[in-house]
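Chemist: Have a look at this one.
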Amino acid sequence: MIETIAQAMLPVDEKYEIKKNRIQKGKSQKRICIVTGTHGDELEGQYVCFQLQEILKQRDDLNGIVDIYPSLNPLGMDSMNRKVPFFDLDMNRVFPGDKEGSLVESVAYDIIQDLKGADLVVDIHASNVYLKEIPQIRINETQAKELIPLAKLMNVDYIWIHSASTVLESTLAYSLNVLHTPTLVVEMGVGLRITEKYGHQLIDGILNTMKELGLLENNVKPVKEPIISLDKNVHFLNAKYAGLFLPIMSHDHFVEEGSLIGKIVNPLSGEVLDSIYSPCQGLLFTLREYPLVNEGSLIGRILER
Amino acid sequence: MEEKVIYELKSLYRDHLRIKGYQFGQGKPSVCIVGSMRGNEVQQLYLCAKLIQKFTKYEQQGMINKHYSILIIPSINHYGMNINHRFWPQDDTDINRMFPGYSEGETTQRIAQGVFDAIKDFEYGIQLTSFYIPGEFASHIRIMKTGLEDIETAKLFGLPYIVVRDPRPYDTTTLNFNWQIWETKAYSLYTKETDIIDEKSVQEGMNSILRFLYQKGMIKQPMSGGYVSEIIEEKQMISLKCQQAGILKRFVEVEEYVEKGQILAQILNSYDASVIEEIVAPTSGVIFFLHVKPLVYGRTAIIKMKIDKI
């Protein structure tokens with residue numbers, strides 16, 4: 001059943017609505033929420049929302065509630081805008097929201113009220129338009145103990161335990177975890193695109209987690225064992241020069257120390273400005289998709305192995 | 001006056017980004033004034049330009065006291081300003097969410113680090129800034145309560161209001177917060193406008209800075225006027241929200257005193273101009289913030305009022 005969880009009027013003959021679809025079978029009140037589209041330029045979660053429903057239609061063993069929220073930022077998604085248009089505001093920096101606050105803050109409050117109390121929330125992100133990511137779950141170190149066991153069920157390649165940052169306290173996931181609603185942040189793929197392979201991998205993980213939580217009764221596919229690491233194992237490659245980045249190494253590949261990752265070139269002068277080499281042996285789990293770089297732009301990340 | 005490039009970033013096809021500082025006087029780093037950090041902060045750029053003009057004259061007249069050095073950085077994100085964009089053009093990040101910066105990090109972290117390195121040792125820091133909701137403000141000094149704030153000194157600006165507020169999680173990456181952590185006494189100065197220039201409030205903001213510098217003994221020219229500042233906790237202000245959306249018709253101006261029951265604004269139906277909602281003052285007080293765009297969303301705070309003390 002499709003429900004509106006937050007709404008407001010827009011100036012000219014339009015309602016601003018955030019919707020969810022509730023799929024409920026059996027007597028159990030256990031609840032999993034699939035949330036995506038906080039950033040309007042991230043579409044990987046759209047495929048998961050659709051395909052998960054296709055699979056659930058074919059299964060007859062659901063016992064509980066699956067709530068699907070495909071777009072927390074419908075105005076951004078419709079206008080290919082990462083942020084909330086009009087306010088130019090990153091929605092994932094206003095949680096837990098404020099009931100008495102302005103539109104975006106009060107809508108954020110409504111979203112939290114609707115999600116809190118779930119047995120699990122899966123918040124699906126798709127990096128941004130600049131970088132491609134392997135399927136991974138990112139966990140704040142202060143919440144690692146409770147979340148790692150759940151994250152291991154999700155069939156992702158990698159679980160990144162990152163250091164605490166006060167900025168990230170304004171995210172949906174952090175705010176829900178503080179309210180004792182376990183929430184996992186999935187990052188996968190790239191902005192404005194759909195990577196079907198990653199979508200299916202994550203759906204297998206969601207089904208496996210549902211089975212473990214008691215929402216599904218019959219068998220599900222086995223899942224992979226993820227790599228788990230802390231910040232110190234992750235090497236960042238940043239551009240030393242502004243230019244055009246031409247990758248040589250493919251995303252999601254193991255590289256040797258000294259492997260050539262790519263080059264930064266100048267199409268005006270014809271110069272090669274820089275050759276970027278891997279500082280270690282490891283997995284190239286992040287790679288730049290958008291070819292133009294400023295000085296400092298992230299080129300990739302390598303997980304040292 | 002010494003013009004210097006504080007930070008420079010090369011681009012592939014655009015001219016280099018040069019962040020310039022204008023230094024007046026010689027001596028210990030006394031006060032740093034940062035203007036436009038977002039590409040739409042035109043009023044803040046202009047206010048700095050007027051200050052640079054004033055200090056150039058003061059310096060020629062020997063009106064800047066010895067042992068004090070004043071630095072003005074009029075613009076940081078003019079890559080954004082030159083294309084009418086508030087945030088960093090390529091990745092839309094906000095430089096004022098990147099402090100203290102990181103020299104090995106992403107582009108805007110590097111810019112923040114380059115700027116912060118040049119300004120972190122000043123005794124006083126004044127940032128001319130703006131709010132994310134488009135609107136007009138009563139001129140005021142805003143201070144975050146970090147435990148290191150100096151509210152008493154803020155009274156030297158002589159503006160009508162000093163707003164004090166608790167930091168939110170994302171505030172920890174702003175310039176103001178980091179200045180305080182590095183033991184600079186930091187003040188955010190809000191004037192009426194952002195995208196457009198209001199000469200009267202530019203003059204008021206400029207006078208308040210000159211008043212502050214005179215009171216701290218940095219310049220010789222006294223600045224008359226000024227208010228006995230009222231200190232307000234932000235949470236004590238009333239937000240008046242509209243529930244309906246449509247065309248906003250305002251009946252009041254920012255800084256205007258209003259009586260309880262007075263109609264402050266109406267929301268009109270976008271198709272037939274009928275009144276669909278009235279915003280009424282729940283008590284008497286002063287209009288502190290006013291939404292100014294002609295179209296307004298539902299559930300939006302269109303007015304903030306400073307209420308009378310009971």
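Chemist: Evaluate the distance, in nm, between pseudo-label points positioned 7 Å from the Cα of A:ALA144 and of B:ASP15 along their respective Cα→Cβ axes.
Modeler: Modelled inter-label distance: 4.9 nm.
Chemist: Among A:LEU202, A:ALA8, B:ILE119, which residue has its Cα positioned farthest towards the positive end of the charge dipole of the protein assembly as shown, with +1 placed on the Cβ of Lys and Arg, -1 on the Cβ of Asp and Glu, and the dipole taken about the Cα centre?
Modeler: The one lying farthest along the dipole's positive direction is B:ILE119.
Chemist: Near A:THR166, within a Cβ-to-Cβ distance under 11 Å, what is the net charge of the other residues, with Lys and Arg +1 and Asp and Glu -1? Mind dumping the intermediate values first?
Modeler: Working: positive: B:ARG168; negative: A:GLU169, B:ASP171.
Local charge sum for A:THR166: -1.
Chemist: Here is a further query. Spelling out what I want: for every residue of segment A:5-20, take phi, set θ = phi - 60°, compute 6.51 cos²θ - 1.76 cosθ + 1.60 (Karplus), and round to whole Hz; glycine and proline get x.
Modeler: For segment A:5-20, the Karplus curve yields 9, 8, 8, 7, 8, 9, x, 10, 6, 8, 9, 8, 9, 10, 10, 9 Hz.
Chemist: For the Cα atoms of chain A, what angle does the longest principal axis make with the long axis of helix A:196-213, in degrees from 0 to 90, nearest 10?
Modeler: 40 degrees
Chemist: Next up: Report the one residue of B:HIS140, B:GLN23, B:PHE99 whose Cα lies farthest in the direction of the positive end of the charge dipole of segment B:2-232 (charges on C-beta: Lys and Arg +1, Asp and Glu -1; origin at the Cα centre).
Modeler: B:GLN23
Chemist: While we're here: Using Cα pairs closer than 8 Å and at least 6 residues apart in sequence, work out the relative contact order for segment A:152-220, in percent.
Modeler: Numbers: 40 pairs, mean separation 27.5, N = 69.
40 percent.
Chemist: Let me ask something else about it. Hand me the GluC sites (Glu not before Pro) from segment B:99-200 located in a DSSP loop with no more than 13 other Cβ atoms within 10 Å, in residue order please.
Modeler: Here the sparse-neighbourhood loop sites are B:GLU104, B:GLU183.
Chemist: Based on a Kirkwood Rh over C-alpha pairs, give the Stokes-Einstein translational diffusion coefficient of chain A at 37 °C and viscosity 0.692 mPa s in µm²/s.
Modeler: 162 µm²/s
Chemist: For chain A, set up a Gaussian network in which alpha carbons nearer than 10 Å are linked by springs, and say which option among A:ASP41, A:ASP110, A:ASP123 fluctuates the most.
Modeler: Answer for the Gaussian network model of chain A: A:ASP110.
Chemist: Also, I was wondering about something else. Let me know the shape class of segment B:99-143, please: from the alpha-carbon gyration tensor, a ≥ b ≥ c as square roots of the eigenvalues, rounded when a/c is under 1.5, otherwise prolate if a/b is greater than b/c, or oblate.
Modeler: oblate
Chemist: Here's a follow-up. Considering all projection directions equally, how large on average is the shadow of the alpha-carbon convex hull of the protein assembly as shown, in square nanometres?
Modeler: For the protein assembly as shown, averaging the hull's shadow over all directions gives 30.3 nm².
Chemist: On a 0 to 90° scale, report how tilted helix A:103-115 is relative to the longest principal axis of chain A, with both axes built from alpha carbons and the result rounded to the nearest 10.
Modeler: Helix A:103-115 and the main axis of chain A meet at about 70 degrees.
Chemist: Treating only the Cβ atoms of Lys and Arg (+1) and Asp and Glu (-1) as charged, compute the dipole magnitude of segment A:2-122 about its Cα centre; round to the nearest 20 debye.
Modeler: The dipole magnitude comes to about 560 debye.
Chemist: What distance in nm lies between label points placed 7 Å from Cα along the C-beta direction at B:GLU199 and A:ASN266?
Modeler: 4.5 nm
Chemist: Also, quick follow-up: Kirkwood hydrodynamic radius of segment B:12-128 from all distinct Cα pairs, in Å?
Modeler: 14.9 Å
Chemist: Within 10 Å of each Cβ in A:168-181, how many Cβ atoms from other chains are there, averaged over the peptide?
Modeler: What the average comes to for A:168-181 is 1.
Chemist: From the Cα gyration tensor of segment A:78-207, with a ≥ b ≥ c the square roots of its eigenvalues, which class applies: rounded if a/c is under 1.5, or else prolate if a/b is larger than b/c, or else oblate? Spell out each step's value before the answer.
Modeler: Details: a/c = 1.78, a/b = 1.20, b/c = 1.48.
Here segment A:78-207 falls in the oblate category.
Chemist: Distances longer than 21 Å among the Cα atoms of segment A:232-304: what percent of all pairs is that?
Modeler: Looking at segment A:232-304, the distances longer than 21 Å represent 20 percent of pairs.
Chemist: Just the number, please: percent antiparallel of the DSSP beta bridges in chain B, rounded to the nearest 5.
Modeler: 60 percent
Chemist: If you take the charge dipole of segment B:2-232 about its Cα centre, with +1 on Lys and Arg Cβ and -1 on Asp and Glu Cβ, which of B:HIS78, B:ILE162, B:PHE55 is farthest toward its positive end?
Modeler: B:PHE55
Chemist: Right, next: Do any GluC sites (Glu not before Pro) in segment A:192-240 lie in a DSSP loop with no more than 14 other beta carbon atoms within 10 Å, and if so, which? Write down the numbers at each step before the final one.
Modeler: Working: sites: A:GLU196, A:GLU212, A:GLU217; in loops: A:GLU217.
Qualifying residues, ordered by number: A:GLU217.
Chemist: Rg and Dmax in Å for segment B:2-232, alpha carbons only: what are they?
Modeler: 16.6, 51
Chemist: Applying 1/(1 + (r/R0)^6) with R0 = 41 Å to the Cβ-Cβ distance of A:PHE50 and B:LYS145, what FRET efficiency is obtained, to the nearest 0.05?
Modeler: 0.30
Chemist: Antiparallel versus total DSSP beta bridges in chain A: what percent is that, nearest 5?
Modeler: Close to 65 percent.
Chemist: Do you know the relative contact order of segment A:22-120, to the nearest whole percent, from alpha carbon pairs under 8 angstrom that are 6+ apart? Intermediate results must be reported in sequence, preceding the final value.
Modeler: Working: 167 pairs, mean separation 31.2, N = 99.
Value for segment A:22-120: 32 percent.
Chemist: Would you list A:THR171, A:THR166, A:THR181 from fewest to most Cβ contacts within 10 Å? Please list the in-between numbers first.
Modeler: On the way: A:THR171 25, A:THR166 15, A:THR181 19.
Ranking A:THR171, A:THR166, A:THR181 by Cβ neighbours within 10 Å, fewest first, gives A:THR166, A:THR181, A:THR171.
Chemist: Under the Karplus relation 6.51 cos²θ - 1.76 cosθ + 1.60, θ = phi - 60°, what is the ordered set of whole-Hz ³J(HN,Hα) values for segment B:102-112, x standing for Gly and Pro?
Modeler: Going residue by residue, I get 8, 5, 9, x, 6, 3, 6, 5, 5, 4, 4 Hz, with x marking Gly and Pro.
Chemist: Ok, one more. Normalising by the residue count of chain A, find the relative contact order in percent from Cα pairs under 8 Å and 6+ residues apart. It would help to have the intermediate numbers written out before the result.
Modeler: On the way: 752 pairs, mean separation 51.1, N = 305.
Once normalised by length, the contact order is 17 percent.
Chemist: Only Lys, Arg, Asp and Glu count, each charged at its Cβ (+1, +1, -1, -1), so figure out the dipole size of chain B about its Cα centre, rounded to 20 debye.
Modeler: Details: 36 positive and 37 negative charges, 86 e Å.
With Lys and Arg at +1 and Asp and Glu at -1, about 420 debye.
Chemist: Is there a simple number for the mean count of other chain Cβ atoms within 10 Å of the Cβ of residues in B:242-253, and what is it?
Modeler: Across the residues of B:242-253, the mean count of other-chain Cβ atoms within 10 Å is 2.
Chemist: Hey, another quick one. So how far apart, in nm, are the two label points at A:GLU100 and A:LEU192 if each is 7 Å from Cα heading toward Cβ?
Modeler: 4.2 nm
Chemist: On to the next question. Select from B:ILE95, B:ILE143, B:ILE83 the residue whose mean-square fluctuation is largest in a Gaussian network model of chain B (Cα-Cα springs shorter than 10 Å).
Modeler: In the Gaussian network model the winner is B:ILE83.
Chemist: To the nearest whole number, what is the average tally of beta carbon atoms from other chains within 10 Å of the beta carbons of peptide A:229-238? Before the final figure, lay out the partial values.
Modeler: Numbers: counts 0, 0, 0, 0, 0, 0, 0, 3, 0, 7.
Going residue by residue through A:229-238 and averaging, the value is 1.
Chemist: Let me make sure I get this right: for segment B:153-310, a, b and c are the square roots of the gyration tensor eigenvalues over alpha carbons, sorted descending. Under 1.5 in a/c it's rounded, otherwise prolate if a/b > b/c, else oblate. Which is it? Let's see the in-between values first.
Modeler: Working: a/c = 2.14, a/b = 1.84, b/c = 1.16.
The shape class here is prolate.
Since every read-out is calculated from the coordinates, none of them should be taken as a lab result. If you're wondering where the values come from, they're calculated on a predicted model, not measured in any experiment. For neighbour counting, all protein chains shown are included, and Cβ atoms are generated from backbone atoms with ideal geometry for every residue, glycine included.
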